[in-house]
Structures are given as structure tokens and as C-alpha cells.
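Right, one structure below, let's go through it.
Since every read-out is calculated from the coordinates, none of them should be taken as a lab result. What you see is a predicted model; the values in this text were computed from it and never measured. Positions of Cβ are generated from backbone atoms using ideal geometry, with glycine treated the same way; all protein chains shown enter the neighbour counts.
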């Protein structure tokens, strides 16, 4: 009989236990990494949605487009071109590119739909979109209900 308590198998008992511990630590590390990735993605999404809200607020109250918040001046809208708009809202200052589509929903024969873009849409990454209603008011008292769709995406 042996005088110690190591067991007959020796290393062959310790090897599988060590392997199980290594596998458990690997699974734990992978789950922590995945949780962090999910957290970062959520934080980035929240940040972009906040930036989208701020940008919509800036567009709704911009003097180059509106007479009062939420009311677009028909005259300003017709004189504002894409180059001038992107000079006012520079993508490099904002930190993202954008598309703004103003879609006339009224039944009037004059159409005041417009489209402004700061660059090509991203082929990768997320695009954040929000739609809001505004009114285009002309000097003669004619008012058009418009749908304003704003899309933003990160600069590549």
C-alpha cells in the first residue's frame, strides 16, 4: 500500500479537472466580452438617436428655412438649394451625414417637396431615421402639410 493520498492515477485525474477549469474560464471571458459589445452598441445607438433628435430640432428652428419653429417659409424653401443647406449644416461640424426629404402631403397643385443631402448614403453601418410633420406657409396664406424625413449615418 502507498503511504500518500495522491491517488493511483496521479496526473490523469488532475488533467481533466484543469481542462474543465480552462473551458469554464474561456466561456466566462467570451460572455463578458459579448456583454460589453452589446452594451457599447446600445450606447452608440442611443448617442446617434440623441444626435438625430438634436439635428431635427435644429432644422425645425433654422432661420434659413423657417419663420417660426415648425413652420417652414415657402419663399425660403424655394430659394434654399442643396449647396447652401449643406453649408449651413456641415457634415464635418455635425459628425454625421444626412438626408432630409420634405414631402408635400397637401392637395394643392403647387408642390413644395424638396430633398437635401450631405453625401452618399453609407453602405455599411446603421442609418437612423425619423419623420416629423411640419407646415409650409406661403405669403398668400396657403399652407401645405409636409412630412419631413430625416436620415443620419456616421461618417466613414
Given the DSSP H assignment, sum -39500 (n - 2.57) over each helix run of at least 4 residues in the chain and divide by its residue total; what's the result at 222 nm in deg cm²/dmol, nearest 500?
-14500 deg cm²/dmol
Could you tell me what percent of the DSSP beta bridges with both partners in the range 11-154 are antiparallel, to the nearest 5?
90 percent
Have a look at 107, 141, 15 and tell me which one the Gaussian network model of the chain (Cα, springs below 10 Å) gives the largest fluctuation.
15
Between 26, 118, 143, where does the largest GNM mean-square fluctuation fall for the chain, given springs only between Cα atoms within less than 10 Å?
26
Under a GNM of the chain (C-alpha, springs under 10 Å), which listed residue has the highest mean-square fluctuation: 17, 59, 135?
17
Mean separation of Cα contacts under 8 Å (6+ apart) over length of the chain, as relative contact order %:
21 percent
What is the distance, in nm, between label points placed 7 Å from the Cα along the Cα-to-Cβ direction at residue 53 and at residue 79?
3.4 nm
Using a simple spin-label model with points 7 Å from Cα along the Cα→Cβ vector, what separation in nm is obtained for residue 61 and residue 30?
5.0 nm
Rounded to the nearest 10, the angle in degrees between the Cα long axis of helix 11-60 and the longest principal axis of the Cα atoms of the chain comes to 10 degrees
Give the label of the value calculated from the structure for mean projected area of the Cα convex hull in nm², choosing from (i) 10.4; (ii) 12.6; (iii) 14.9.
(iii)
How much length is gained on full extension from residue 131 to residue 93, taking 0.36 nm per residue of separation minus their Cα-Cα distance?
11.4 nm
